[in-house]
Amino acid sequence: MADSTKYYVLKDKAVPEVLLKVVEAKRLLETGKAMSVQEATDKVEISRSSFYKYKDDIFPFHDNAKGRTITMVIQLDDEPGLLSTVLNIVAEFHANILTIHQSIPVNGVASLTLSIDVLKETGDLSQMVDRVEAQDGIHYLKILSRE
């Protein structure tokens, strides 16, 4: 029987609160701020059964990204220097740019497809995405794939 596991990338606002609390409990355990599962689940106010049910199925995006290729599409205004700003942010986070494709702007808006190689030295991808999305002239950023 073929493996039917599918993966999704969601923004935190779309994730149920219990799953976010599982991630927080895992972080408490990993950083030593909780010495047991019971202590971690008490701190985040979830049951141990919820923790064990979901612990292997949710993780922050950046945790498993090292050594992978991330492809994203960014819709941005056709403004001088905006593409350069996006590329500089990627460089600041020490990700390796593999491919760049920008469409011809239509009505002053272009689509940028960017593939990056996530290296051991690459910083937190969630922060990188937040920084890009926060730039004036960026309409949206969507992660298309993670290989």
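The values are calculated or read from the model by the stated rules, or taken from the named source; none is laboratory data. Model, not experiment: these values are computed from the prediction. Cβ atoms come from the backbone with ideal geometry, glycine included; neighbour counts cover every protein chain shown. When the accessible area is computed, the model is the full protein with side chains, heavy atoms only, and any ligands, DNA or RNA have been set aside. Shrake-Rupley method; radii C 1.70, N 1.55, O 1.52, S 1.80 Å.
Table for the structure above
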{"item": "Principal-axis tilt of helix 17-31 within the chain, Cα atoms, nearest 10 degrees", "result": "80"}
{"item": "Among [x] 40, 32, 28; [y] 46, 40, 27; [z] 54, 40, 29, the entry that matches Cα extents along the principal axes in Å as calculated here", "result": "[z]"}
{"item": "Efficiency of FRET between VAL109 and SER47 - r from beta-carbon atoms, R0 41 angstrom, step 0.05", "result": "0.30"}
{"item": "Accessible area per residue in Å² at 1.4 Å probe, computed on the chain", "result": "64"}
{"item": "The range 46-138 - percent of accessible surface contributed by carbon and sulfur, probe 1.4 Å", "result": "48"}
{"item": "Cα-based Lys proximity count in the chain, under 12 Å, for pairs eight or more positions apart or on separate chains", "result": "7"}
{"item": "Estimated FRET transfer efficiency (LYS13, ASN96; beta-carbon r; R0 41 Å; 0.05)", "result": "0.90"}
{"item": "Charge context of PHE93, other residues only, Cβ under 10 angstrom, K/R +1, D/E -1", "result": "-2"}
{"item": "Mean separation of Cα contacts under 8 Å, 6 or more apart, over the residue count of the chain: relative contact order %", "result": "25"}
{"item": "Whole-Å distance, taken between Cα centres, linking the range 20-43 and the range 89-141", "result": "32"}
